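Here the structure comes first, spelled out in structure tokens, and everything after it is commentary.
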Amino acid sequence: MTLTAFPSPPPGADYDDLRQEVRAFLAKELADFPPEKRAESWNGYNRDFSRKLAQRGWVGMTFPKEYGGHARSALERYVVSEELLAAGAPVISHWIADRQSGPLILAKGTEDQKRAIVPRIAAGELCFCIGMSEPDSGSDLAATRTVATEVEGGFRVNGTKVWTTYAHVADYMILFCRTGKSDDRHGGMSQFLIDLKTTENIQISPIIDLGGEHHFNQVVFDNTFLPSDALLGQQGEGWSQVMSELAFERSGPERFLSSFALIEELIRLLRKDSTEAQQAEIGRLSAHLKVLRQMSRSVAGMLNEGENPALQAAIVKDLGALYEQDIPRLARSLLSRPAVPGGRDSYAAVLAYTELAVPSFSLRGGTREILRGIIARGLGLR
Amino acid sequence: MESMIFDTAERLFRDHVSHGLREDAAAGQCPEALWTRIEEAGLHMALVPEEAGGFGVPASEALGLVRIAGAHGLPLPLAETLIANAVLARAGLALSGGRLTIAEGDGLQLERRGGAVHASGHLTLVPFARWADRIVTIAALDGADHVLSLPVKDLTVTPARDLAGMPRDDVAVDLDLPGANAAALPVSMGGMRRLGALVRSLATTGAMETILKMSVEYANDRVQFGRPIGKFQAIQQYLATMAGETAASRTAAEMAADSYDTAAFALNVAAAKSRAGEAAETVGALAHQIHGAIGYTQEHALHHFTKRIWSWRDEFGTELDWTKELGRAALSSPHDTFWHFITDSTAQGAMA
Ligand SMILES: Cc1cc2nc3c(=O)[nH]c(=O)nc-3n(C[C@H](O)[C@H](O)[C@H](O)COP(=O)(O)OP(=O)(O)OC[C@H]3O[C@@H](n4cnc5c(N)ncnc54)[C@H](O)[C@@H]3O)c2cc1C
């Protein structure tokens, strides 16, 4: 039963020197960064921070040197990623580009695209967003309606994308849309690399989330012209390209560390004094975290070997979301201390933020039900 | 080497561990002939270092045998014998051959009587005691851990059993042990409770892999409303949940096995035993739900596996015991943050 086997990451994957360097950097850069900001986890946006991180060589770590990268392993990148997340560093402005857009461009892009874009990602200068979901195409991505029609010199795009995280500040979008008809439900799709700063006739408007924050957006394409060299990868191969991104998107430590600021707050308080029942719950939380981390590192090891661990990634994301979603319940079961949005007590403020964040964890990046469907198929159900 | 020992074990168990053999064992009959084959293949010595007569397989691979035995519901003390021989070798005691078992020695008192060590007291719920030649246990003498090799013929064994019908006997001890059967344990390997917890985590994982496989097959074969029940999304979601829990358990158990004899072992075992026990709850319940009434019968093989994982949860420390230990370690650790504790593979727990 290979689906349940997560091979151990190779020995020496701790990279302790690197870890200590990152910790020292974060201790300095985030000295005054309060817990309630750390609670935003990888949703925190700070371009300067991303640039400084890049100056240390910690963005685009796995990219080849000729494209401004550092030719380091997926496991070294993993160490940096998890340290950033555990500290609640504001990473979103480079996160998506570093995690999936950069690797996608490197794998499928033209030489010109690689040279023009990848070094700037590695410099921490480019923020990417993902244009997949639409009003009538959420879990059912193949129901995409946005269409790019071939015209003289390029394409004209019409349609609407939604939930596009950070589109309002992003430099580029990778758009997934229809470019042709096909009998195969998954055929006739393509991906485009869109320069959001210069392309005309794209209207980006905010969607405010239930926490009152502006993270995601609606993006309307109204006869938007894209030059032919905006096409990313093969025309008509969009579906398989998107699928190969998913192992990167789904298996990382951001799939179980999103509530980590609350864990640290909780444990800080319990360290002073705890009952046996509280100790047992913290022990359970520790056991789960150790195991999730090992599973996620295992997937990083498989990615490093050039395998496609899409099924294992789905398992990590499903278990990870259950874990990070459960943290507010756990905290409330151990401490009688109300949530107060923006409260002066950092525990109360972090609890409030996290309670409002967790419902999204089993939606974004593929819902729980969809992930489980993928896992079930992988088990060999006929 | 790995694939050789794995292949041998897999073939041996596949050919010889049948539903009937498990039934007979649960009814009290020790599968002697199968044990002879296991000894002939040398599997029982796999965790013994080469210099002590083993064949030099890395510990993590030798321990992998326990997962395979669990996957077949092997009704014999192979895991116990592997650990017992490894502990005897570590203490420099003779490896006597035969079926061995292990027990936590908390219920024993040791005192020196002339050149011998006198041991008295009780051992409870000892796995397979009445089928074993010797019980290997660890107890304190002069403030230090001592390994004892107790010949079962000189003990009083009162039969008892676990949920799966496997022997879990009460043993009364009152005997003098010559120097050849008692020795100080030079470097602690973590004690019998921890070693037992390690092998139960691995066996639980193997049994759950079988339970998952049986459940997938059943979901493909059983037809209701004109189609296989595996076409229903509710059933698919159950199976996916079982796969996730089984994968987590396997990762946890293998992480512990990988850290055998290192500083990380103590807390990795705590994580593994509690995580596997928790997974057993979910996997057992969902497997029975998927199998319907047929899975609730003696005739169907499922119960041999679910009853084993339910029993193993309780042995060598329950989820509550191990999570308390891990939680105490996390809350009392000298690290600046919880994260530093989690990522420090050498972090030590406050011993229970
Ligand atoms: C915080 C956040 C950030 C996001 N960022 C982005 C982004 O940057 N770019 C982007 O493209 N998208 C983004 N998304 C969108 C996300 O990918 C979708 O929310 C997700 O794919 C689900 O689509 P939906 O919301 O339309 O729900 P639906 O697909 O309508 O699903 C509603 C419910 O029905 C269930 N369901 C649907 N189909 C099935 C089925 N076949 N079987 C069983 N149950 C089913 C779902 O699991 C869910 O419970 C983001 C979402 C969130 C919450």
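The values are calculated or read from the model by the stated rules, or taken from the named source; none is laboratory data. Note that the structure is a prediction, hence the values are computed from the model and not measured. Cβ placement follows ideal geometry from the backbone for every residue including glycine, while neighbour counts extend to all protein chains displayed. SASA here: full protein model, heavy atoms, side chains in, ligands and nucleic acids out. Shrake-Rupley method; radii C 1.70, N 1.55, O 1.52, S 1.80 Å.
Things worth noting here:
- Spin-label proximity, A:GLU150 to segment A:198-228 - amide N less than 19 Å from point 7 Å beyond Cα toward beta carbon: A:224-228
- Helix-only [θ]222 nm of chain B, DSSP H runs n ≥ 4, -39500 (n - 2.57) each, per residue, nearest 500: -17000 deg cm²/dmol
- Candidates B:ARG168, B:ARG90, B:ARG11: whichever shows maximal mean-square fluctuation once chain B is modelled as a Gaussian network with Cα springs under 10 Å: B:ARG11
- Restricting attention to chain A, lysine pairs at least eight places apart or on different chains and with alpha-carbon atoms under 19 angstrom apart total 9.
- Chain B contacts chain A over a buried accessible area of about 4300 Å², both sides summed; the probe is 1.4 Å and only protein chains count.
- Between 0 and 90°, nearest 10: helix A:260-272 axis offset from chain A longest Cα axis: 0
- Max mean-square fluctuation residue, GNM over chain B, Cα-Cα springs under 10 Å, options B:LYS273, B:LYS153, B:LYS307: B:LYS153
- Applying 0.36 nm per residue to the separation of A:ASN158 and A:ARG56 and subtracting their alpha-carbon distance, the gain on full extension is 32.7 nm.
- Amide H within-cut-off set for A:CYS127, under 5 Å, with H built and near neighbours excluded: A:ASP171, A:TYR172
- Scalar couplings 3J(HN,Hα) for segment A:348-353, obtained by applying the Karplus form with A = 6.51, B = -1.76, C = 1.60 to θ = phi - 60°, are 4, 6, 5, 4, 4, 4 Hz; x denotes Gly and Pro.
- Near B:TYR238: Cβ cut-off under 15 Å, other residues only, Lys/Arg at +1 and Asp/Glu at -1. The net charge is +1.
- For residues of A:367-375, the mean tally of beta carbons on other chains within 10 Å: 4
- Theoretical FRET efficiency, 1/(1+(r/R0)^6), r = Cβ-Cβ of B:ARG161 and B:SER345, R0 35 Å, to 0.05: 0.35
- Residues losing 30 Å² or more accessible surface upon assembly, segment A:306-332, compared with the chain by itself, 1.4 Å: A:LEU319
- In straight-distance terms, cross-link reach from B:LYS231 covers every one of the aspartates and glutamates whose alpha-carbon lies under 17 Å from its own, apart from those fewer than eight places away in the same chain; here that gives A:GLU369, B:GLU217, B:ASP221.
- Counting only other chain Cβ atoms within 10 Å of each residue's Cβ, the peptide A:274-280 averages 5.
- Between B:GLU39 and B:HIS300, the contour length at 0.36 nm per residue exceeds the Cα-Cα span by 91.0 nm.
- Those residues of segment B:230-266 for which accessible area with every protein chain present is at least 50 Å² below the isolated value (1.4 Å probe): B:GLN237, B:ALA240, B:ALA247, B:THR251, B:MET255
- The residues of chain A present an accessible area of 40 Å² per residue when probed at 1.4 Å with all protein chains retained.
- Karplus 3J(HN,Hα) series, Hz, for segment A:109-120 with 6.51 cos²θ - 1.76 cosθ + 1.60 (x for Gly, Pro): x, 6, 4, 4, 4, 4, 5, 6, 10, 4, x, 6
- Annotation for A:SER182 and A:SER205: the two label points, set 7 Å from Cα along the Cα-Cβ direction, are 3.2 nm apart.
- Cα-centre dipole for the protein assembly as shown with unit charges at Cβ (Lys and Arg positive, Asp and Glu negative), debye to 20: 860
- Length added when fully stretched, A:THR275-A:THR2, from 0.36 nm per residue minus Cα-Cα: 94.2 nm
- The H on the amide N of B:ASP145, modeled in the peptide plane, is under 5 Å from the matching H of B:LEU185, each at least 5 residues off or on a different chain.
- Carbon + sulfur, % of accessible area of chain A - ligands and nucleic acids excluded, 1.4 Å: 49
- Considering only A:ARG72, A:ARG271, A:ARG19, the Gaussian network model of chain A with Cα springs below 10 Å gives its largest mean-square fluctuation to A:ARG271.
- For segment A:241-378, a crude dipole built from +1 on the beta carbon of Lys and Arg and -1 on the beta carbon of Asp and Glu, taken about the Cα centre, is about 180 debye to the nearest 20.
- Projecting the Cα positions of A:GLY68, A:GLY380, A:ALA107 onto the charge dipole of chain A (unit charges on Cβ atoms of Lys, Arg, Asp and Glu, taken about the Cα centre) puts A:GLY380 furthest along the positive direction.
- Expressed as a whole percent, the accessible area of chain B that falls on carbon and sulfur atoms is 51 (1.4 Å probe).
- Listed residue (A:ILE207, A:GLY236, A:GLN278) projecting farthest to the positive dipole end of segment A:200-282, Cβ model: A:GLN278
- Segment B:1-60 - accessible surface per residue (Å², probe 1.4 Å): 53
- Förster-model FRET efficiency, 51 Å R0, A:THR198 and B:ALA263, C-beta, rounded to 0.05: 0.35
- Other-chain or far-sequence residues with amide H under 5 Å of A:GLY154's (modelled H): A:SER228
- Net charge dipole, chain A: roughly 600 debye, given to the nearest 20, about the Cα centre with Cβ charges of +1 for Lys and Arg and -1 for Asp and Glu.
- Reported to the nearest whole Å, the Cα centre-to-centre distance from segment A:78-144 to segment B:130-169 is 59.
- Table column - 3J(HN,Hα) (Hz), segment A:22-38, Karplus curve with 6.51, -1.76, 1.60, x for Gly and Pro: 5, 4, 5, 4, 5, 4, 6, 5, 10, 3, 9, 7, x, x, 5, 7, 4
- Candidates B:GLY28, B:GLY105, B:ALA69 compared by Cα position along the dipole of segment B:21-115: farthest toward the positive end lies B:GLY105, with charges placed on Cβ.
- Computed over neighbours whose Cβ is under 13 Å from that of B:GLY54, the net charge equals -2, Lys and Arg +1, Asp and Glu -1.
- A protection proxy built from the mean count of other Cβ atoms within 10 Å ranks the segments A:45-56, A:179-190, B:279-290, A:245-256, most packed first, as A:245-256, B:279-290, A:45-56, A:179-190.
- Stokes-Einstein diffusion coefficient of segment A:321-382, Kirkwood radius over Cα pairs, 10 °C, 1.306 mPa s, in µm²/s: 118
- Burial annotation for segment A:1-22: residues with an accessible-area loss of at least 10 Å² between the isolated chain and the complete set of protein chains, computed on heavy atoms with a 1.4 Å probe, are A:MET1, A:THR4, A:ALA5, A:PHE6, A:SER8, A:ASP14, A:ARG19.
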